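*Asks:* A single structure is presented below for examination.
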Amino acid sequence: MTQATTDPESPGEPPIGSTTGHDLLSPRGRTLRMVITAVGLAVLLAGTLFGTDDHFPFGPFRMFATTDAWSKPISIARAQVVDVDGRTIVLTEANSGVRRAEVEGQLDRFRREPAALAGLADAYRAHNPSAPKVARVAVVLRHHEISRSGPTGHYTDEVVAEWTA
């Protein structure tokens, strides 16, 4: 038994993977693709001009879309608890389950509603049940001075929100 084969180079057969007139998009299909593309580009443009981080990927992700002056201080937020013995403990993911980014993301809320810091005290207590009771929770911004695009070693601390138990 012999098997018939087709030579892809023969003039009667189109090469494998080529398109023929039968598999082109219809005018309706082309129009639909163009409309979808135009809508996608319009949403992307609107997000670029008017969007915020919440609209990503159709809005700018400010972390990568902006830059500061080379000598502008860098501010880093931290949450800390002061226990009834007077010890200050900086909250970390290990001792509270709360990441610094979560604190930084809630800065405006903590400024408006310092009582919301009670949630950080609860998180600390849940991770450290035998630790002394929390007396106070604060969110502190540490402003690191920069000179010639490098740290100077000098900083100032600013308490931006505080809650007393």
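*Asks:* Net charge around residue 86, counting only other residues with Cβ within less than 14 Å of its Cβ (Lys, Arg = +1; Asp, Glu = -1)? Mind dumping the intermediate values first?
*Replies:* Details: positive: 87, 133, 136; negative: 83, 85.
Around residue 86, the charge tally is +1.
*Asks:* Once fully extended, how much extra length lies between residue 24 and residue 42, figured as 0.36 nm per residue of separation less the alpha-carbon to alpha-carbon distance? Working shown, then result.
*Replies:* Working: separation 18, 0.36 × 18 = 6.48 nm, distance 2.66 nm.
Length difference between fully extended and current span is 3.8 nm.
*Asks:* In nm, give the distance between the simple-model label positions of residue 88 and residue 111, each being 7 Å from the Cα along the Cα-to-Cβ direction.
*Replies:* For the pair residue 88/residue 111, the computed spacing is 2.1 nm.
*Asks:* Let me ask another. Where the centre of each part is set by its Cα atoms, how far does the stretch 32-53 sit from the stretch 66-101, in angstrom?
*Replies:* 37
*Asks:* Turning to a different aspect of this structure: At 1.4 Å probe size, with every protein chain present, just tell me what the per residue accessible area of the stretch 106-165 comes to in Å².
*Replies:* Result: 61 Å² per residue.
*Asks:* Right, here's the next one. Tell me, what % of the accessible area of the stretch 22-165 is carbon and sulfur with a 1.4 angstrom probe?
*Replies:* Of all accessible area on the stretch 22-165, carbon and sulfur atoms account for 58 percent.
The values are calculated or read from the model by the stated rules, or taken from the named source; none is laboratory data. Just so it is clear, the structure is predicted and the values come from calculations on it, not from any experiment. FYI the Cβ positions are ideal-geometry reconstructions off the backbone, even for glycines, and counts take in every protein chain you see. These area figures cover heavy atoms from the full protein model, side chains too; ligands, DNA and RNA do not enter into them. Shrake-Rupley method; radii C 1.70, N 1.55, O 1.52, S 1.80 Å.
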